[in-house]
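Participant: Submitted below is the structure of interest, expressed as structure tokens.
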Amino acid sequence: MKELDNLVKVNQLKLEPADAKEFLGMLRAGDTKLKDSLIDGLSEDSQFSLAYGAAHAFSLAALRWHGYRSESRYLVFQCLQHTLALKKSKWRVLDKCHQARNLAEYEGQSDVNPQLLKELKSICKEIQSLVTALPALE
């Protein structure tokens, strides 16, 4: 993937062979977090945190499936246009979620926008479908 290889050249991504066990572990983690984010009665903060974690786990799994690794959450989301052909508008929503997560984690601002939470869950389910449709790793 030319675009991802260019990110390797500038040390934004690392090449690392895909690992089936790691990939499946990321899928399980994403599945669990997404399922938990849908539990009735959870606060919007908790739902957001869990759905965001699920979206990251699925997105990282897609990147790892292609043989790349990143330590940047933002970049993992940005790469979705290449790893899963996710529309730019959708990974930009994930960028908004990333910014909201950072505000909550590092500045204590945790006002969850209900519309953003709804979009996050929807995009997360889409990423889950796309990443689980990837051919099995050996």
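The values are calculated or read from the model by the stated rules, or taken from the named source; none is laboratory data. Model, not experiment: these values are computed from the prediction. Here Cβ is always computed from backbone atoms with ideal geometry, including for glycine, and neighbour counts include all displayed protein chains. The accessibility values were calculated without ligands, DNA or RNA, using every heavy atom of the protein model including side chains. Shrake-Rupley method; radii C 1.70, N 1.55, O 1.52, S 1.80 Å.
Participant: Which one is farthest from Gln78 (Cα to Cα), of the residues in region 103-138 that are assigned to a loop (DSSP other than H, G, I, E, B) and open to solvent by less than 70 Å² (accessible area, probe 1.4 Å)? Can you show your working first?
Facilitator: Step one: of region 103-138, the residues assigned to a loop (DSSP other than H, G, I, E, B) are 108-113, 133-138.
Next, only the ones that are open to solvent by less than 70 Å² (accessible area, probe 1.4 Å) stay: 108, 110, 112, 134, 137.
Details: Gly108: 25, Ser110: 23, Val112: 22, Leu134: 19, Leu137: 23 Å.
Residue satisfying both the conditions and the ranking: Gly108.
Participant: If you go through region 18-44, how many residues are without any contact (Cβ under 8 Å) to a residue 40 or more places away in the chain and part of a loop (DSSP other than H, G, I, E, B)?
Facilitator: Number of matching residues: 5.
Participant: Among Lys35, Lys9, Lys21, which is of a type in the set (D, E, K, R), at pLDDT 95 or above, closer than 24 Å to Asn102 by Cα and surrounded by fewer than 20 Cβ atoms within 10 Å (Cβ to Cβ)?
Facilitator: Numbers: Lys9 fails: closer than 24 Å to Asn102 by Cα; Lys21 fails: closer than 24 Å to Asn102 by Cα.
After applying the criteria, what remains is Lys35.
Participant: Now for a separate question. If a residue must be of a type in the set (Ser, Thr, Tyr) and either closer than 18 Å to Met26 by Cβ or open to solvent by less than 50 Å² (accessible area, probe 1.4 Å) (or both), how many such residues does region 75-91 contain? Walk me through how you get there before you give the answer.
Facilitator: The first filter runs over region 75-91 and keeps only residues of a type in the set (Ser, Thr, Tyr), leaving 83, 89.
Subset that is either closer than 18 Å to Met26 by Cβ or open to solvent by less than 50 Å² (accessible area, probe 1.4 Å) (or both): 83.
Going through region 75-91 one residue at a time, the tally reaches 1.
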